[in-house]
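**Q** Sharing a structure, written as structure tokens. Questions coming.
The values are calculated or read from the model by the stated rules, or taken from the named source; none is laboratory data. Note that the structure is a prediction, hence the values are computed from the model and not measured. Here the Cβ positions follow ideal geometry from the backbone for every residue, glycine too, while neighbour counts run over all protein chains shown.
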């Protein structure tokens with residue numbers, strides 16, 4: 001991924017800033033994005049080289065009639081509405097795990113824990129999602145608080161972890177955020193690490209072992 005990251009932070013960014021003032025650079029960018037992603041050249045061209053996540057997940061497996069999951073685009077399912085102007089089905093991972101997780105949790109709560117309740121168990125509530133406050137305060141995130149905490153506690157260390165293929169929480173967002181923070185003592189106090197896999201990368205044995213190793217190293221420095 002080093003080559004992709006370097007291109008994204010360098011030539012790709014500067015080409016976007018140039019816009020229509022450098023047509024040759026734009027054509028070169030579109031060709032390179034097509035090469036990196038394996039998407040249809042026309043789609044990349046008409047997207048201006050700017051790939052929105054949802055559109056990418058529909059296009060990358062379109063020839064197979066499938067959709068990629070935002071949590072790990074390697075996980076796919078058939079698209080039941082391939083000719084619709086937008087995605088009309090649920091995310092491939094969510095669509096497949098709600099039923100078995102609901103069954104498992106209801107069994108655990110009622111038989112193992114012994115808590116009997118008549119209320120319905122929702123593994124994922126679309127009603128709650130619909131009512132979620134998506135205002136400016138939420139989108140601001142916790143970056144100011146992170147900066148203040150690191151400044152206030154010189155012994156504090158933070159490890160931010162991502163799966164390479166998690167498009168719901170892209171790793172570059174954390175990298176760019178941390179790189180904009182001032183250096184407060186040891187520059188490695190706030191670190192970002194990426195692992196093979198998606199949103200739940202720790203379900204992979206190798207990634208889980210790598211995460212454990214990185215966490216142990218962080219604790220050892222404290």
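**Q** Can you give me the number of residues within segment 110-126 that are over 34 Å from the mean Cα position of the chain (by Cα) and assigned to a loop (DSSP other than H, G, I, E, B)?
**A** 5
**Q** Are any residues in segment 168-187 under 11 Å from the mean Cα position of the chain (by Cα) and either modelled with pLDDT of 95 or more or not in a loop (DSSP other than H, G, I, E, B) (or both), and if so, which ones?
**A** Correct list: 171, 172, 173, 174.
**Q** Can I ask one more? Could you figure out which of (1) at pLDDT 95 or above; (2) within 27 Å of residue 176 (Cα to Cα) isn't true of residue 36?
**A** Answer for residue 36: the failing condition is (1).
**Q** Among the residues of segment 74-109, write down those that are in contact with a helix residue (DSSP H, G or I) (Cβ under 6 Å, 6 or more places away or on another chain) and in contact (Cβ under 8 Å) with a residue 60 or more places away in the chain.
**A** The answer is 75, and nothing else.
**Q** Considering segment 188-222 alone, what residues qualify as being closer than 26 Å to residue 145 by Cβ, under 21 Å from the mean Cα position of the chain (by Cα) and outside any helix (DSSP H, G or I)?
**A** 190, 191, 192, 193, 194, 195, 199, 200
**Q** Out of the residues in segment 61-88 that are touching a strand residue (DSSP E or B) at 6+ places or on another chain (Cβ under 7 Å) and farther than 24 Å from residue 203 by Cα, which is surrounded by the fewest Cβ atoms within 10 Å (Cβ to Cβ)?
**A** 65
**Q** Given the condition assigned to a loop (DSSP other than H, G, I, E, B), closer than 25 Å to residue 166 by Cβ and at pLDDT 90 or above, answer yes or no: does some residue in segment 91-98 qualify?
**A** yes
**Q** With the condition kept exactly as written, say whether any residue in segment 118-129 is in contact with a helix residue (DSSP H, G or I) (Cβ under 6 Å, 6 or more places away or on another chain), within 24 Å of residue 210 (Cα to Cα) and outside the structural domain of residue 76 (by TED's automatic domain parsing).
**A** Checked segment 118-129: no residue is in contact with a helix residue (DSSP H, G or I) (Cβ under 6 Å, 6 or more places away or on another chain), within 24 Å of residue 210 (Cα to Cα) and outside the structural domain of residue 76 (by TED's automatic domain parsing).
Rundown of residues vs (1) without any contact (Cβ under 8 Å) to a residue 40 or more places away in the chain; (2) loosely packed, with under 15 Cβ neighbours inside 10 Å; (3) in the same structural domain as residue 53 (by TED's automatic domain parsing), yes/no style:
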site	(1), (2), (3)
166	no, no, no
171	yes, no, no
174	yes, no, no
179	yes, yes, no
189	yes, no, no
202	yes, no, no
205	yes, yes, no
210	yes, no, no
216	yes, yes, no
